[in-house]
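Beneath this line is the structure, given in structure tokens, with notes to follow.
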Amino acid sequence: MSLIEAQAADQQDPLAKFCADFTMPDDVIYLDGNSLGPLPKSAQQRAREVVDNQWGNDLITSWNKHAWIDLPQLTGNKIARLIGADDGEVICCDSISVNLFKLLAIALQLNPGRKKILSQKDNFPTDLYITQGLNALVGENRCELMAVGAEDIEASLTDDVAVLLLTQVNFRTGHCHDMQEITARAHEKGIIVIWDLAHSTGVMPVDLNAWQVDFAVGCGYKFLNGGPGAPAFIFAAKKYHEQLSQPLSGWMGHKAPFDFSPDYEADPSIKQFLCGTPPIVSMSILDAAMDCFADVEVKDLHRKALGLADFFHKQLQVTGISSVLQRQTPEDDSIRGAQLSYSHPMAYAICQALIADGVIADFRAPDIIRFGFSPLFLSYEDMFKATQRLARIMENNTYKNPEFQIRGKVT
Ligand SMILES: *Cc1c(COP(=O)(O)O)cnc(C)c1O
């Protein structure tokens, strides 16, 4: 693989033009869009408009004048298109953690007589922590976490399980579950299914309604490029909207919040998942970032993400680096997400040395270096350059410098 080949691949890439939609510092190759997406120009513009004009000039009248009050649903509808949901089935709100609390409580109610929440031991920890918190609140008799290894999930789908809570793409390894198959197996046993789409939305083909998924959550600041701390979202299949009662019954989920009635009555639509006042500045930025996805198909994003990853890995093989960095991500396209993870005892230091050299990746404890292939703004030439720099760092042992061993609060 050569620079010429990389440039030829870029010429053929139908998504190459979207790179111009993003603001990126010079000479930075950003392989961390799976963790915090970069800044879309549309989002930058909207941030200025919301702060300077909507808030600055129109003040409180913006709730009506600029439809702030409808923003959670409007943004939700833009996300819905990427995950096979209908208008009115997705709402933008809170964080994944908070949204999981709402959904887990509901799912337990929908399955009275069962208390087990089945999840995966190496799931993203917040999914397990929230389940543990719910357990502490309602007690062992109503909620019990059963976290098993990936290989034991199918066998654990028994008819005493209330809820299955899984993440489609594993944040450490990039392994991807067969959502459709697992959802069908769970439903055969009467289990309610909640999928965490944190590493899927905007890059993995997901077809929630076709796959008959009950509930899902996903992230605004990863592949959707909604900015640091952007709100997350909830998907709830329409058939459940009339029979739910989520426990964070704040006034924005009330069917008539401005009646100021002393009694809570849930909105019959997806709005019932709102709790308090939406973070308008942050949600507006996410809403504008979604414009980058208006003219693309997720299957094309997915194809490019896999193509970039393959180019990257082949380069590591050519340079001999793949013998010291142990690939943890499956080879098979059908069971991997848009990332590559490698283990190395000094993964943290390698990551720091790369960042110092303008290639931003991230580290996941204990020993994983993770490269994300967010397809809207990355080129094959970026893959070539990034792997050249990584090879140089490994060959010269640059990562052993003491400065690269120091850990910040966020790793
Ligand atoms: C990033 C991520 C989250 C983030 O949760 P927040 O509560 O929104 O911070 C949750 N689950 C998974 C699988 C993630 O990768």
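The values are calculated or read from the model by the stated rules, or taken from the named source; none is laboratory data. Small disclaimer: the values here were computed from a predicted structure and weren't measured. Virtual Cβ from ideal backbone geometry, glycine too; neighbours counted across all protein chains shown.
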### Task
Pull up segment 367-398, narrow it to residues that are in contact (Cβ under 8 Å) with a residue 12 or more places away in the chain, assigned to a loop (DSSP other than H, G, I, E, B) and of a type outside the set (Phe, Trp, Tyr), then point me to the one that is nearest to residue 294 (Cα to Cα).
376
### Query
Going by the structure shown, is residue 88 crowded, with 17+ Cβ neighbours inside 10 Å, assigned to a loop (DSSP other than H, G, I, E, B) and of a type in the set (Gly, Ala, Ser)?
no
### Query
Do we have any residue at all in segment 120-127 that's part of a loop (DSSP other than H, G, I, E, B) and either within 16 Å of residue 244 (Cβ to Cβ) or away from the ligand (no atom under 16 Å from the Cβ) (or both)?
no
### Message
If I filter segment 167-185 for residues that are in contact (Cβ under 8 Å) with a residue 60 or more places away in the chain, more than 16 Å from the ligand (Cβ to nearest atom) and among the acidic types (Asp, Glu), do I get at least one hit?
### Response
yes
### Message
Being modelled with pLDDT of 95 or more, crowded, with 17+ Cβ neighbours inside 10 Å, among the β-branched types (Val, Ile, Thr) and within 16 Å of the ligand (Cβ to nearest atom): is that true of residue 153 here?
### Response
yes
### Task
For segment 214-224, enumerate the residues that are under 18 Å from residue 101 (Cα atoms) and either small (Gly, Ala, Ser) or within 16 Å of the ligand (Cβ to nearest atom) (or both).
215, 216, 217, 218, 219, 220
### Message
Looking only at residues that are within 13 Å of the ligand (Cβ to nearest atom) and in contact with a strand residue (DSSP E or B) (Cβ under 7 Å, 6 or more places away or on another chain) in segment 225-240, which one is farthest from residue 333 (Cα to Cα)?
### Response
231
### Query
In segment 190-203, is there at least one residue being more than 17 Å from the chain's Cα centre (by Cα), away from the ligand (no atom under 16 Å from the Cβ) and either closer than 30 Å to residue 348 by Cβ or aliphatic (A, V, I, L, M) (or both)?
yes
### Query
Taking the condition farther than 24 Å from residue 105 by Cβ and not hydrophobic (A, V, I, L, M, F, W, C), does residue 212 pass?
no
### Message
Quick check on segment 6-25. Is at least one of its residues of a type in the set (A, V, I, L, M, F, W, C), within 16 Å of the ligand (Cβ to nearest atom) and closer than 25 Å to residue 308 by Cβ?
### Response
no
### Task
Mind listing whichever residues of segment 1-48 are surrounded by 15 or more Cβ atoms within 10 Å (Cβ to Cβ), assigned to a helix (DSSP H, G or I), in contact (Cβ under 8 Å) with a residue 60 or more places away in the chain and not hydroxyl-bearing (Ser, Thr, Tyr)?
6, 9, 10, 16, 18, 19, 21, 43, 46, 47
### Task
Would you check if there is a residue in segment 130-144 being part of a helix (DSSP H, G or I), within 15 Å of the ligand (Cβ to nearest atom), among the hydroxyl-bearing types (Ser, Thr, Tyr) and surrounded by 17 or more Cβ atoms within 10 Å (Cβ to Cβ)?
yes
### Selection count where residues are within 25 Å of residue 215 (Cα to Cα) and away from the ligand (no atom under 16 Å from the Cβ), scope segment 50-102
16
### Task
Test residue 210 against the criterion of being buried (at least 22 other Cβ atoms within 10 Å of the Cβ) and of a type outside the set (Asp, Glu), and give yes or no.
no
